[in-house]
Structures are given as C-alpha cells and as structure tokens.
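Structure record follows, encoded as structure tokens.
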Amino acid sequence: MRGRLLVSVFEREDDLVQATIAARKEGLEIVDVYAPYAVHGLDRAMGLPPSRLPWVCFLLGLFGAVTMTVFQFWASAVSWPINVGGKPWNSLPAFVPAIFEITVLCGGVGTVLFFFWWAGLRPGLQSAMTDMRVTDDRFALALRQTGAGFNRSAVDSLLKRYHAVLIEERGDAV
Amino acid sequence: MANGVAIVRVPLIAGNKSAADVTREVTAALDAKPSALWWGGLALSSSALLLGVVAISYEIATGIGTWGLNRTVGWAFDITNFVFWIGIGHAGTLISAILFLLRQRWRTSVNRAAEAMTLFAVMCAGLFPLIHMGRPWMFFWMAPYPNMRGSLWINFRSPLVWDFFAISTYFTISAVFWYVGLIPDLATVRDREPGTTRSKIFGFLSLGWTGSFRTWHRYEVVYLLLAGLATPLVLSVHTIVSMDFATAVVPGWHTTIFPPYFVAGAIFSGMAMVLTLMLVARSTMRLQDYITPQHVDAMCFLVILTSGFVGLAYGTEFFTAYYSGSPYEQFAFYNRATGPLAWGYYIMVACNVLIPQLFWLKGVRRNLVVVFIISLFINLGMWFERFIIIVSSLQREFLPSAWTSYRPTSIEISTLIGSFGLFFTCFLLFCRFVPVIAIAEIKGVLRPAHGSHPAHDSYSGYSEEVNPE
C-alpha cells in the first residue's frame, strides 16, 4: 500500500467537494482532505462511514450510570448504613442527581479521549500540513499514487478542471 | 441555483469577508499592543482580585466569624454570590450547547467568549462554597473516597452533595467543551507564524491538528455529543442548586417552582453578562463585523423571553403563598414585599421584570450604549434576586423570637469584589491570549460571501450541482 501522495490545493470549497466526488468516481484512493473548517457534505463526497463515537459515548455513559447506582446503594445500604431522617437505606430518587452527573462526566470526557485516540491527536505531535494554509483559507486533497493504473496526466487534468492552484507530490508522511 | 432564503437573509458576518480575512482579523488581537483601556481594566480587576485574596486569606486564618452571619441567617452573601456566579455561567452553555442543537448559527460569533465566561464564572462560584466550609483544606471530604473514618461515606441524600457532583461535572465538561472547540483555532494560530514561541505553545496544545477531514468528521460528532450532554447538564446544575433551597422547610424556599425558576433566572442573568462583556469586546477589539446588531437583537430577545419566565415565577410564588393557606408561607412573601428588605425586593422586580421590557423597542436594541446599561441593571437585579430569596426568607422564619437582621461585613463585601476581580482578570487575559471568536466556525457560516453552495446548513445534497465543466 506504499506510494507517494499527490496533494492538490484548492481555493474554493465547492471546487474541493466536486474534485473529491470526481476523484472518487474515477476510482482514485483519497487518503485525506484538509480544510480550515468542517465542510458539509464532504463526508459523503469522500464516502466516509458514520463515526462510531456515539456508541462509545453511550456505553461510557451507561458504565458511569451503572457504576454510580451500584456504588451509592453499596455505600448507603451495605458498607455503612446511616439513618438520615428515617429515610430508607435504598433511597433511589435521592441517588438520581449523582447518577446523572457521573453519566455525563464519563460520557463526555471519555468520548473526547476516544476521539483523540482514534484521530491520532496527542500533545506535541507535529503537523505535516503547516505550509499549505489549510488551517487558514485553503483546501487540500491528498490522493495516493497507486500502481500502474495511476495516470498522472489524467489526474492532473481532472484536478485542474476544478481549479486546483497547486499540485505537488509528497512523501507518505502527511 | 441560489435559494430565496439565502438572498433575503442578512449575512451573519458583515463586510463580505474571505476566510483569510477572518484568520487575520481575529488573530490580530493577539499581536496588537494592548490598549490603555485594557491595561486600565487589568489594573482595576487585578486590584479587586488582590482585595479578594486579602479578604479570603484573613477569613481563612480567622474563621467564618469574620462574616456577618448569625444563628438565624446562616447563609447570606456567600451563597448569594455562589448562586449569582453559577447562574452567569449558564448562558455560556446555553449559547454553546442549546443554541447549537437548535441550529442557531448566530451563536458562532459569541460562543467562544461565552464559554470562556462560563469557565470563569464557575471558578468564581466554586470559590464560595469552598470558603464557606470554614476549613477549605478539608474540601476533599466532599468526595466519596475510602477513608480512615470507617469508611464513613458521604450522605448521598443531601442536595449539598448533589451540588458537589453537579458543579464539578459542570466545570469539567465546560472546560472540555471549550478546549475541543479551541483545537482547530490553536492550529490556525500555530500555522500563522511558524517558529515563534507562541506557535510552539499553540502547536503543543493543538495536538498536531492538520485540518484532516477524517478528523473533522469525528470532531463534528464529538461536538454534537458534547452539546447533547451539556444541555441536560446545564439544566440539572441549576435545578440542583435550587434544591439546596427547595428541600429545606424554610418558608419562601420550600416550593416546587424553584428548579424552572432558577434555570430561567440563570440564563437570564447570564445573557445579560454576555451582553455586558461582548458589547465592550465588540467596540474595543474592533469586532463590529462579527458581532452585528443582528446578534445583539437575538440576545435581547432571549433576555425578554427569560425575563418573562422570571416575572411569571415572581407572580406564581405570591399566588401559591396566598392560595396555600399556610400562614408561614403567606408571611414569608408579605415580609418579602413589605419587610426590612423590601427595598431589595423592588430593585429586583424593577431590574428583572420592568427594565428588560424596553428591549421590545427596536430603537433601544439598536442603541448599544442603552443595551449595555440595561444589561448592567439586569446583573444587579439578579444578584438582588438571590440575596432576597436567601436573606429575607431566613431572617424571619417560624419563630419570631429568633428573628434578626443581617448586615454584610467589610470582609464579605471585599470577597464579592474579589470574585468580580477574578472574573474580569481572567476574561481580560483570555481576550489577549486566545482567539475570542471561533475562527473555524465563523468560516463555516461565511457562505453568502464565499461561493454558491445552496442551503448550506440543511445538509442538502451537492450531487445535483455536480457540473464537470
């Protein structure tokens, strides 16, 4: 799967989206697309599957809820029951606020940590795309140059059709 | 291909800007030499902060006896300030989470600053219960951890414990939400001027963000999930704060209307604080194109709405007291409107119910100086609301022989001033060192000036406009 990348730079969002659609139709392998903001519709243009993060969030939230429910019952009714105003040991309604807060805490913080992990974001990581202005006002499309089927001049003309302002080869490190 | 809505609608961001303009203009504040006004504000707020540090140090060294509390009025300035600040924070989450879920795109101009405001306000709020403990170095006793006393667990049936969970979760989630929103902008600043110290620091914090759409795709999901979690969270936080009161038997506190009443009041006071801060930031940081009269209008409408909720709650409280037939409940409200703190009650009604009605007039909403002044009145009124609820209810409870009055000491007043100092010092530093406007989000709403993608926010298909030639 090794192969050099062909990075093309666009100045307009629409050009980028349409070039991405066209490249995908041609059967080119889209390594990634770079944009200064979340371009709507690009996920479908790239054919990205829906994220699994909602499941992570749900399961972590569920974990938090169950843990906190069990812990409160155990602490209040088993470990050291204390009579507070004659209330029953297992006063479930009174446990709801803490259960809710822990659910949100686990779901929220855990989802973000999974996001960092899956997206490969970590402190101190260097970005390889700093010279393309893709965090400012430009858009970039990175294609993989694979095998004999990759016709450079045909790809170039396809990208030019969508007003690519710059096309250059890069290593695999993007 | 243009659709009618896009033509008729006034663009959210004025000045027909390109994405590069947005980057340049928002980050300009990081490079510009701070103005004399900024230095003046910093000097004032850090002096206030210093006063607060002195007052709190003295209080911790001496004890809570330095406050004007007595056996009848056991909560006063401290808890008033706590509820006031936590309420301020709620508008930030409303803007960042609830308006995001409601697809209110105008929020992009103010959400970064409003979320920062939330963080700083929650910091100020957390301070008060902490010092009210008397021995703040024992604060960790609030957490359920295995200890050498048994283990003696905390009482999970207590609203004060719920509060501990609510406030700490709220602060954590707000901070995470804010940071996640900041990552793309940190990368923008990093790439602007490679090699500088700022670029290195921002590069470290931006976690190697490249602008990869695979990451953006997940990022959008994370943002939506956090908004979905923060929305019930923010409602739960002030609900739980109100339960600190509502679960007590004190007449004037013991009412079921408290949770919605407190949540509406919180958002109301917070919107006023957002207006206060953003109107100043808008003119001093030259953000007129980003925070347009349209944005001010939208915030004024939210103020009118929540002012209506609050006014309705004031009326309902009186009606419920009258209709309950309980002499104690009736007296609590009679006392509120005619007793020794009646002056505070009328300040609260005037500032929270009457003055905001001026926002119905377009002329008032368009005059930003007037809007600013009204927002200050609302801040004042909402502080008094909490003060009246707490002190007027406590000072004349069931037993007339225990009736007393309350007067804040200089230490309490200094602590309140100190909390404002902390808030504004943090906010001024934030304006200098962090992009105050969410750059990446603004670029996403520039559409009318930036191509012809129809119905941008409805996710409608691009496929029909694929035009290879």
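The values are calculated or read from the model by the stated rules, or taken from the named source; none is laboratory data. In this text the structure is predicted, and so the values were computed from the model without any measurement. Methodologically, a virtual Cβ is constructed for each residue, glycine included, from the backbone with ideal geometry; neighbour enumeration extends over all protein chains shown.
What the table shows:
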item	result
Residue in region A:109-154 that is nearest to B:L225 (Cα to Cα), counting only those that are of a type in the set (A, V, I, L, M) and part of a loop (DSSP other than H, G, I, E, B)	A:L121
Candidates A:R170, A:R144, A:R161, A:R122, filtered to the one that is closer than 21 Å to A:T20 by Cα and either within 9 Å of another protein chain (Cβ to nearest Cβ) or over 24 Å from the mean Cα position of the chain (by Cα) (or both)	A:R161
Selected residue (criterion: farthest from the other protein chains (Cβ to nearest Cβ)) from residues of region A:37-61 that are free of Cβ contacts under 8 Å to residues at least 12 places away in the same chain and more than 27 Å from A:L141 (Cα to Cα)	A:L59
So B:R198, is it surrounded by fewer than 19 Cβ atoms within 10 Å (Cβ to Cβ) and part of a helix (DSSP H, G or I)	yes
Those residues of region B:253-267 which are within 17 Å of the chain's Cα centre (by Cα) and of a type in the set (S, T, Y), in sequence order	B:Y261
Sole exception among (1) at pLDDT 90 or above; (2) more than 30 Å from B:T210 (Cα to Cα); (3) not polar (S, T, N, Q) for A:C57, by number	(2)
Subset tally (residues that are more than 20 Å from the chain's Cα centre (by Cα) and under 25 Å from B:E441 (Cα atoms)) for region B:225-252	1
Qualifying residue in region A:61-83 (condition: within 31 Å of the chain's Cα centre (by Cα) and either assigned to a loop (DSSP other than H, G, I, E, B) or closer than 30 Å to B:T108 by Cβ (or both))	yes
The listed residue being hydrophobic (A, V, I, L, M, F, W, C), surrounded by fewer than 19 Cβ atoms within 10 Å (Cβ to Cβ) and within 21 Å of the chain's Cα centre (by Cα), out of B:L44, B:L94, B:L37, B:L101	B:L101
Verdict on A:A164 being in the same structural domain as A:E13 (by TED's automatic domain parsing), surrounded by fewer than 13 Cβ atoms within 10 Å (Cβ to Cβ), at pLDDT below 80 and small (G, A, S)	no
Qualifying position, being crowded, with 20+ Cβ neighbours inside 10 Å and either facing chain B (nearest Cβ under 7 Å) or in contact (Cβ under 8 Å) with a residue 60 or more places away in the chain (or both), among A:S91, A:S127	A:S127
